[in-house]
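Visitor: Quick one: the structure is below, and I'll ask about it shortly.
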Amino acid sequence: MKFSSFGKKFTKNSGILQLMDDLGKALASDKPINMLGGGNPAVIRSVNTVFQDTLIKIANDRHALESMANYSTPQGDAKFIATLVDFFNRHYGWGLTADNIVLTNGSQNGFFYLFNLFAGHFDDGEKAILLPLASEYVGYADTHIDDTHFLSIPPIIEEINHDGEEGFFKYRVDFDKLENLPELTNGKIGAICCSRPTNPTGNVLTDKEMARLDRLAKKYNIPLIIDNAYGAPFPNIIHTQATLNWDTQTILCFSLSKIGLPGTRTGIIVANSDVVRAVSAMNAIVNLSPVRFGATIATPLFADDSIVRLSNEHIRPFYAKQAQFAIKLLKEQFCDLPVKIHKPEGAIFLWVWFENFPISTTKLYEILKEKGTLIIPSEHFFLGIDTDNYPHAHECIRLSIAQDDDTLIKGIATIGEVVRKIYQQG
Ligand code: PLP
């Protein structure tokens, strides 16, 4: 069988495909595994009870069932879109109409569309997506239908205290480099994109940083895409002050995944009407219409703001507690080693830096896998950067904190033991 160049690109054995395969196999195996690698959100019982009660009501409502079973328009479930328009206008006063929202089958599906809309081959040459703060979400990496069109720059690493303790750092956007990038002035950037909070680091770009990115997008008349998968107002896994803004230059991407419904594959894009029309047209070709299951469950929860209560009273506190617990465990393991943790400002991961580590964290990943503990090594997250010439890209790992305490205890103990030995051997 011969595959087209599109086929070859989308079937090649990328590093991340291999990692995801490992994660899937580990979950399916009967060997005990400390799963600190995946991106699945936690199962939070109190939240699931609300979803279950909502599902029971839907099952007993013939009209809800019938409309869920039919195709929607390519833009998505009209009732959910109308509810979202009210929801965002009520909370943020953005003045949205139904022309400003389109649904996708998960936000991953949305990023596939957006990155191919705004990067690749144009009449005036090639354009890339600018990722202002490496490291970034690994799921973006292979989304372009041809080649790879990402550009990023290494972050400024600021060593800081957190809760009065040393041993933390925070990435900052290197604006001196960013604002003087020749690719921006030469028209080689099609859009700017950042996740906020960031997967993998849990960094939250400050309001000042966002305002500067917004100015840059406006100066070059390109969209600013904000990936809000972990942000406000749902699931609101965000532990710092952060304002959420929208205007017609901004494309805001939301997801129902991290409130605990990843399997419903529901992404929400808030954008100007041109982008909404473009994404709807792509939906028609790729999916006919987006899945309505998540929309049907979510509609009543957005209509009465239950989603905000669930986020603020259950989801955010759960991850704040897990972050604190995992940090305590990491500190116990590494108090005398040059190991630092990215300030946990949000999302469902910790990003740990083994400074001057004698081996790459990709090798560390292999050793830990043998011992039944799964993490994700850092190099895959530095998209758009020449990682061969950037040692820091090989010195970090991403740990999921969505697991129960026992998994965190066992997994972090294994990491501690292995890492200590490797530092000692030099
Ligand atoms: N963006 C970020 C930052 C993510 O972490 C994820 C999933 O882990 C996604 C987007 C994709 O989410 P989904 O396609 O489940 O909505």
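The values are calculated or read from the model by the stated rules, or taken from the named source; none is laboratory data. The shown structure was predicted, so the numbers you read here are calculated from the model rather than taken from an experiment. Backbone-built Cβ (ideal geometry, glycine too); neighbour counts: all protein chains shown. With ligands, DNA and RNA removed, areas are computed over all heavy atoms of the protein, side chains included. Shrake-Rupley method; radii C 1.70, N 1.55, O 1.52, S 1.80 Å.
Visitor: Is it the case that some residue within the stretch 393-404 is modelled with pLDDT of 95 or more, open to solvent by 10 Å² or more (accessible area, probe 1.4 Å), farther than 25 Å from PHE318 by Cβ and outside any loop (DSSP other than H, G, I, E, B)?
Guide: Yes: one or more hits.
Visitor: Among the residues of the stretch 152-170, are any under 26 Å from GLY37 (Cα atoms) and within 16 Å of the ligand (Cβ to nearest atom)?
Guide: Taking every residue of the stretch 152-170 in turn, at least one turns out to be under 26 Å from GLY37 (Cα atoms) and within 16 Å of the ligand (Cβ to nearest atom).
Visitor: Also: When you check ASN228 against the structure, is it more than 23 Å from the chain's Cα centre (by Cα) and not β-branched (Val, Ile, Thr), yes or no?
Guide: Working: more than 23 Å from the chain's Cα centre (by Cα): no; not β-branched (Val, Ile, Thr): yes.
Against the criterion (more than 23 Å from the chain's Cα centre (by Cα) and not β-branched (Val, Ile, Thr)), ASN228 does not qualify.
Visitor: Okay, moving on. May I ask you to verify whether ASN245 is in contact (Cβ under 8 Å) with a residue 24 or more places away in the chain and away from the ligand (no atom under 16 Å from the Cβ)?
Guide: Here the answer is yes, as ASN245 does meet what is asked.
Visitor: Here is a further query. Return yes when LEU256 is near the ligand (Cβ under 8 Å from one of its atoms) and among the aliphatic types (A, V, I, L, M) and no when it is not.
Guide: Yes; evaluated as a whole, the condition is true for this residue.
Visitor: Can you confirm whether ALA295 is away from the ligand (no atom under 16 Å from the Cβ) and part of a helix (DSSP H, G or I)?
Guide: no
Visitor: Something else now. How do the pairs read when you match residues in the stretch 317-338 that are polar (S, T, N, Q) with residues anywhere that are surrounded by 13 or more Cβ atoms within 10 Å (Cβ to Cβ), using Cβ under 6 Å and keeping only pairs 6 or more apart or on different chains?
Guide: What qualifies is GLN322/ILE401; GLN333/GLY416.
Visitor: A further question on this structure: Out of the residues in the stretch 172-187 meeting the condition of being touching a Pro at 6+ places or on another chain (Cβ under 8 Å) and surrounded by fewer than 21 Cβ atoms within 10 Å (Cβ to Cβ), tell me which one is nearest to ALA217 (Cα to Cα).
Guide: LEU178
Visitor: Here is a further query. Quick check: anything in the stretch 262-269 open to solvent by 10 Å² or more (accessible area, probe 1.4 Å), over 16 Å from LYS79 (Cα atoms) and in contact with a strand residue (DSSP E or B) (Cβ under 9 Å, 6 or more places away or on another chain)?
Guide: Yes; the residues of the stretch 262-269 include at least one that is open to solvent by 10 Å² or more (accessible area, probe 1.4 Å), over 16 Å from LYS79 (Cα atoms) and in contact with a strand residue (DSSP E or B) (Cβ under 9 Å, 6 or more places away or on another chain).
Visitor: Would you check which residues across the stretch 279-289 are touching a residue at least 24 places away in the same chain (Cβ under 8 Å) and away from the ligand (no atom under 16 Å from the Cβ) and list them? Walk me through how you get there before you give the answer.
Guide: Going through the stretch 279-289, the residues touching a residue at least 24 places away in the same chain (Cβ under 8 Å) turn out to be 279-284, 286-289.
Result: SER280, ALA281, ALA284, LEU288, SER289.
Visitor: Follow-up question, since we're still on this one. I'd like to verify a number: residues in the stretch 50-63 that are more than 22 Å from VAL308 (Cβ to Cβ), open to solvent by less than 80 Å² (accessible area, probe 1.4 Å) and in a helix (DSSP H, G or I), how many?
Guide: Going through the stretch 50-63 one residue at a time, the tally reaches 1.
Visitor: Assuming GLU209 fulfils every condition listed in (1) more than 16 Å from the ligand (Cβ to nearest atom); (2) in a loop (DSSP other than H, G, I, E, B) apart from one, which condition is it?
Guide: Result: GLU209 fails condition (2) only.
Visitor: Mind checking which residues of the stretch 18-44 are in a helix (DSSP H, G or I) and surrounded by fewer than 10 Cβ atoms within 10 Å (Cβ to Cβ)?
Guide: Answer for the stretch 18-44, where residues must be in a helix (DSSP H, G or I) and surrounded by fewer than 10 Cβ atoms within 10 Å (Cβ to Cβ): just ALA28.
Visitor: Please go through the stretch 290-310 and pick out each residue that is touching a residue at least 40 places away in the same chain (Cβ under 8 Å), open to solvent by less than 40 Å² (accessible area, probe 1.4 Å), closer than 22 Å to ASN100 by Cβ and out of contact with any strand residue (DSSP E or B) (no Cβ under 7 Å at 6 or more places or on another chain).
Guide: Result: ARG292, THR296, ALA298, THR299, LEU301, PHE302, ASP305, ILE307, VAL308.
Visitor: Does the stretch 94-108 contain any residue that is touching a helix residue (DSSP H, G or I) at 6+ places or on another chain (Cβ under 6 Å), closer than 19 Å to PHE381 by Cα and within 16 Å of the ligand (Cβ to nearest atom)?
Guide: Within the stretch 94-108, one or more residues are touching a helix residue (DSSP H, G or I) at 6+ places or on another chain (Cβ under 6 Å), closer than 19 Å to PHE381 by Cα and within 16 Å of the ligand (Cβ to nearest atom).
Visitor: Would you point out which residue out of LYS340, LYS331 is open to solvent by less than 40 Å² (accessible area, probe 1.4 Å), under 30 Å from THR387 (Cβ atoms) and either part of a helix (DSSP H, G or I) or modelled with pLDDT of 95 or more (or both)? Write out each step before concluding.
Guide: Details: LYS331 fails: open to solvent by less than 40 Å² (accessible area, probe 1.4 Å).
Going through LYS340, LYS331 in turn, the sole match is LYS340.
Visitor: Right, another one. Six or more apart or on different chains, Cβ atoms under 7 Å: show the pairs whose first residue is in the stretch 252-278 and at positive phi and whose second is polar (S, T, N, Q) and more than 12 Å from the ligand (Cβ to nearest atom).
Guide: GLY260/ASN48
Visitor: Look through LEU130, LEU117, LEU151, LEU103 and report the one residue that is open to solvent by 20 Å² or more (accessible area, probe 1.4 Å), touching a residue at least 40 places away in the same chain (Cβ under 8 Å) and part of a strand (DSSP E or B).
Guide: Just one listed residue meets the conditions, LEU151.
Visitor: Then there is this: Could we say that GLU366 is surrounded by fewer than 17 Cβ atoms within 10 Å (Cβ to Cβ) and within 26 Å of ALA26 (Cβ to Cβ) here?
Guide: Spelling it out, GLU366 is indeed surrounded by fewer than 17 Cβ atoms within 10 Å (Cβ to Cβ) and within 26 Å of ALA26 (Cβ to Cβ).
Visitor: Which ones in the stretch 214-228 are within 16 Å of the ligand (Cβ to nearest atom) and either open to solvent by 10 Å² or more (accessible area, probe 1.4 Å) or outside any loop (DSSP other than H, G, I, E, B) (or both)?
Guide: LEU224, ILE225, ILE226, ASP227
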